[in-house]
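Heads up, the thing below is written out as structure tokens.
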Amino acid sequence: HLSRKFSSEVERAHSTMMNADMDAVEAENQVELEEKTRLINQVLELQHTLEDLSARVDAVKEENLKLKSENQVLGQYIENLMSASSVFQTTDTKSKRK
């Protein structure tokens, strides 16, 4: 009778230890799952940020090209005005003195 009781106690202790081990494994798995979820969310957020930045770079490039084109037109316009104006005509001072 005592042997059976001892054996039963050993089995119960073994079962308790196994349950505790399983609980620890489950808790560790839960922590790992939460960490993976956090990392996945962080990666997705970084991907969205990268997409936003890429779109912004494209918009800035487009605006830059537009402004370059406008500057060329304005530069040509100013050059034409200057060549049409007598104020900006080059003069040869030596030939005027003679």
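The values are calculated or read from the model by the stated rules, or taken from the named source; none is laboratory data. Just so it is clear, the structure is predicted and the values come from calculations on it, not from any experiment. Areas reflect the complete protein model, heavy atoms only, side chains present, ligands, DNA and RNA absent. Shrake-Rupley method; radii C 1.70, N 1.55, O 1.52, S 1.80 Å.
What the table below lists for this structure:
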item	result
K94 open to solvent by 90 Å² or more (accessible area, probe 1.4 Å) and at pLDDT below 75	yes
Single residue of segment 46-90 satisfying the filter (open to solvent by 90 Å² or more (accessible area, probe 1.4 Å) and hydroxyl-bearing (S, T, Y)) that is nearest to the chain's Cα centre (by Cα)	Y77
Hits in segment 24-45 - residues which are of a type in the set (D, E) and open to solvent by 100 Å² or more (accessible area, probe 1.4 Å)	E26, E28, E34, E45
